[in-house]
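Reviewing the structure listed below.
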């Protein structure tokens, strides 16, 4: 057997081309995985439960005996699947990949699949510590110091679009809302795919930080609340965002209102009303009633005028928490930038020299 073993740091910093295979169960993979990994489960969800229970309640040997028939039935399928993936990879990159295998702790599951693929003739590498070691790396990633620049602005300022325009110029940018699959407000889920789990969001964000810091420049991020939809920015990284300088674009209300209407005006009335009702407690009963009435009447601009004023007040409330040194303050150090329109390209140029 010629299976090479590497630790997680060596894998993350590796320069070789590889095909990453996650041999945990489908449920484990679906919950969260290393970005870029393909799912090649040794056991299905039920089989994993059976083997795991036997291991805990009986013995390692009994678990192996139960697992062997499950493995035997999958051997041919697994080899052929990896063969197809490897062939596609070779055509795309003109190079045969290493096959990197991992399970939860780098134990029996990945060892068994690594043995099989090595026997067949693939160049196989097994990750020591498996996915658990990767998660430890992710958590540690948020504790390291970053040089950050934070882009702020009231709702409807086109912050995400401006960051993306910065990214096209080669600037280091981490798109928090893009990674979270959510635009941050009560309306943020409209038009979006399902959000990742909290664990998967952390994995994706850690990967994005790794990629962007390689550019050797400060990293631009958007000023966000810690919660983005159903996921949370890791506390250690969020603390760094709060304590970095925020470049706040001040754009006229009417310009932002026009942008918001373009963004959300095409959605059906029902989801707009549902989103409005979700903030009823803070928006107030009368304003909620008026906004909903405008939506029903098709007066979207009037409805969003009410909502935008609410979000402006809410943003001011948290930004001013600085004065009282409250932990929930969104921004601390502010540099004001006057911008005349919601124009991603023009406003990105305004930020370029900072």
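The values are calculated or read from the model by the stated rules, or taken from the named source; none is laboratory data. Remember, it's a predicted structure, so these values are computed and weren't measured experimentally. Please note: Cβ atoms are built from the backbone with ideal geometry, for glycine as well, and neighbour counts cover all protein chains shown.
Filter the range 10-20 down to the residues that are within 16 Å of residue 134 (Cα to Cα) and in contact with a helix residue (DSSP H, G or I) (Cβ under 7 Å, 6 or more places away or on another chain) and list them by number. Steps first, answer last, please.
The initial filter retains those residues of the range 10-20 that are within 16 Å of residue 134 (Cα to Cα), namely 10-14, 20.
Hit for the range 10-20 is 12, nothing else.
To keep it simple, each residue is scored yes or no on (1) within 22 Å of residue 199 (Cβ to Cβ); (2) surrounded by fewer than 20 Cβ atoms within 10 Å (Cβ to Cβ).
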| position | (1), (2) |
| --- | --- |
| 217 | no, yes |
| 221 | yes, no |
| 237 | yes, no |
| 243 | no, yes |
| 246 | no, no |
| 252 | no, yes |
>> I'd like the full set of residues that are within 23 Å of residue 30 (Cβ to Cβ) and outside any helix (DSSP H, G or I), limited to the range 59-117.
In response: 99, 100, 101, 102, 103, 104, 105, 106, 107
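The rows are residues; the columns are (1) within 17 Å of residue 42 (Cβ to Cβ); (2) without any contact (Cβ under 8 Å) to a residue 24 or more places away in the chain.
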position	(1), (2)
76	yes, yes
89	no, no
102	yes, no
107	yes, yes
116	yes, no
126	yes, no
> Out of the range 178-196, which residues are surrounded by fewer than 19 Cβ atoms within 10 Å (Cβ to Cβ) and touching a strand residue (DSSP E or B) at 6+ places or on another chain (Cβ under 8 Å)?
Replying inline: 188, 195
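Given the criteria in contact (Cβ under 8 Å) with a residue 40 or more places away in the chain, assigned by TED's automatic domain parsing to the domain that holds residue 308 and either surrounded by fewer than 18 Cβ atoms within 10 Å (Cβ to Cβ) or closer than 30 Å to residue 205 by Cβ (or both), does residue 154 qualify?
Numbers: in contact (Cβ under 8 Å) with a residue 40 or more places away in the chain: yes; assigned by TED's automatic domain parsing to the domain that holds residue 308: yes; either surrounded by fewer than 18 Cβ atoms within 10 Å (Cβ to Cβ) or closer than 30 Å to residue 205 by Cβ (or both): yes.
Against the criterion (in contact (Cβ under 8 Å) with a residue 40 or more places away in the chain, assigned by TED's automatic domain parsing to the domain that holds residue 308 and either surrounded by fewer than 18 Cβ atoms within 10 Å (Cβ to Cβ) or closer than 30 Å to residue 205 by Cβ (or both)), residue 154 qualifies.
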> Within the range 284-299, can one find any residue that is modelled with pLDDT under 95 and within 30 Å of residue 235 (Cβ to Cβ)?
Replying inline: no
